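S.K.: My questions will all concern the structure given below.
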Amino acid sequence: REASRLAALASAPPARYDRVLVDADCTTDGSRAHVAKMVTAGRVEELFAPDRVVALCAAQGALLRSGFALLKPGGALVYSTCSLATAQNEGVLAAFLAATPAARLGALPSGPWVAGGVSGSARFPTPGETSGLFVARVEKAAD
């Protein structure tokens, strides 16, 4: 029974949404608590192992493409990570925008963040005891 339901789902046309959130898996280096836990355990090198970062960037790009494919024309997607690494944020976003003519960065409302390295993106730095993160709004061109 489950196999037939999964087959039906796979063959159904994809749903289209006005808004999509892609909160992508990342190295979590913006999370003070997570980094402290890894330092205490003597495993901080694992966060930034080159093969792990390459795999994460590939997965982030795939999630971004999949989320964008689910948007209706004129819809908006928010891409976020709890990483402050350029490769996982601006790098993934710039590659996606270069390969996706229907995508453009949308304006973010004003807030307590600093501009990211790609116009229209934002970084929440880590002052005090808060965690840092990256956010960008990507809009899909209307038909």
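The values are calculated or read from the model by the stated rules, or taken from the named source; none is laboratory data. In this text, all values refer to a predicted model and were calculated from it rather than measured experimentally. Heads up, the Cβs are rebuilt from the backbone with ideal geometry, glycines too, and the neighbour counts pull from every protein chain shown. Just the protein is used for accessible areas: all its heavy atoms, side chains included, with ligands, DNA and RNA removed. Shrake-Rupley method; radii C 1.70, N 1.55, O 1.52, S 1.80 Å.
S.K.: Can you find a residue in the range 84-93 that is over 19 Å from GLY132 (Cβ atoms) and in a helix (DSSP H, G or I)?
M.R.: No.
S.K.: Ok, one more. Of these, LEU71, LEU84, LEU93, which one is surrounded by 19 or more Cβ atoms within 10 Å (Cβ to Cβ), on the phi < 0 side of the Ramachandran plot, of a type in the set (A, V, I, L, M) and modelled with pLDDT under 90? Steps first, answer last, please.
M.R.: Details: LEU71 fails: modelled with pLDDT under 90; LEU93 fails: modelled with pLDDT under 90.
That would be LEU84, the only listed residue that is surrounded by 19 or more Cβ atoms within 10 Å (Cβ to Cβ), on the phi < 0 side of the Ramachandran plot, of a type in the set (A, V, I, L, M) and modelled with pLDDT under 90.
S.K.: For VAL78, state whether it is surrounded by 13 or more Cβ atoms within 10 Å (Cβ to Cβ) and part of a strand (DSSP E or B).
M.R.: Yes, satisfied.
S.K.: Further question on the same structure: Filter the range 64-83 for residues that are farther than 22 Å from GLY132 by Cβ, of a type in the set (A, V, I, L, M, F, W, C) and under 14 Å from the mean Cα position of the chain (by Cα) and give the result.
M.R.: Once the filter is applied, which keeps residues that are farther than 22 Å from GLY132 by Cβ, of a type in the set (A, V, I, L, M, F, W, C) and under 14 Å from the mean Cα position of the chain (by Cα), the range 64-83 yields PHE68, ALA76.
S.K.: Can you pull out every residue in the range 1-29 that is at pLDDT below 75, among the basic types (Lys, Arg) and not in a helix (DSSP H, G or I)?
M.R.: Matches in the range 1-29: ARG1 only.
S.K.: Further question: Which one of these does ARG123 not meet: (1) among the basic types (Lys, Arg); (2) open to solvent by less than 40 Å² (accessible area, probe 1.4 Å); (3) at pLDDT 85 or above?
M.R.: (3)
S.K.: Name every residue in the range 126-143 that is in contact (Cβ under 8 Å) with a residue 24 or more places away in the chain, farther than 22 Å from PRO73 by Cα and either open to solvent by 70 Å² or more (accessible area, probe 1.4 Å) or part of a loop (DSSP other than H, G, I, E, B) (or both), in order of residue number. Spell out the reasoning first.
M.R.: In the first step, residues of the range 126-143 are kept if they are in contact (Cβ under 8 Å) with a residue 24 or more places away in the chain; the result is 126, 129-143.
Subsequent filtering for residues that are farther than 22 Å from PRO73 by Cα retains 126, 129-134.
Across the range 126-143, the qualifying residues are THR126, GLU129, THR130, SER131, GLY132.
S.K.: Say whether the condition of being within 15 Å of ASP23 (Cβ to Cβ) and either without any contact (Cβ under 8 Å) to a residue 24 or more places away in the chain or open to solvent by 70 Å² or more (accessible area, probe 1.4 Å) (or both) is met by at least one residue in the range 100-114. Spell out the reasoning first.
M.R.: Start the filter on the range 100-114 by keeping residues that are within 15 Å of ASP23 (Cβ to Cβ), which leaves none.
No; the residues of the range 100-114 include none that is within 15 Å of ASP23 (Cβ to Cβ) and either without any contact (Cβ under 8 Å) to a residue 24 or more places away in the chain or open to solvent by 70 Å² or more (accessible area, probe 1.4 Å) (or both).
S.K.: Identify, by number, the condition in (1) modelled with pLDDT of 80 or more; (2) in contact with a His (Cβ under 9 Å, 6 or more places away or on another chain) that ALA76 doesn't meet.
M.R.: (2)
S.K.: Moving on. Scan the range 42-63 for residues that are open to solvent by less than 10 Å² (accessible area, probe 1.4 Å) and either over 14 Å from the mean Cα position of the chain (by Cα) or within 21 Å of ASP143 (Cβ to Cβ) (or both) and jot them down.
M.R.: LEU47, the sole residue that qualifies.
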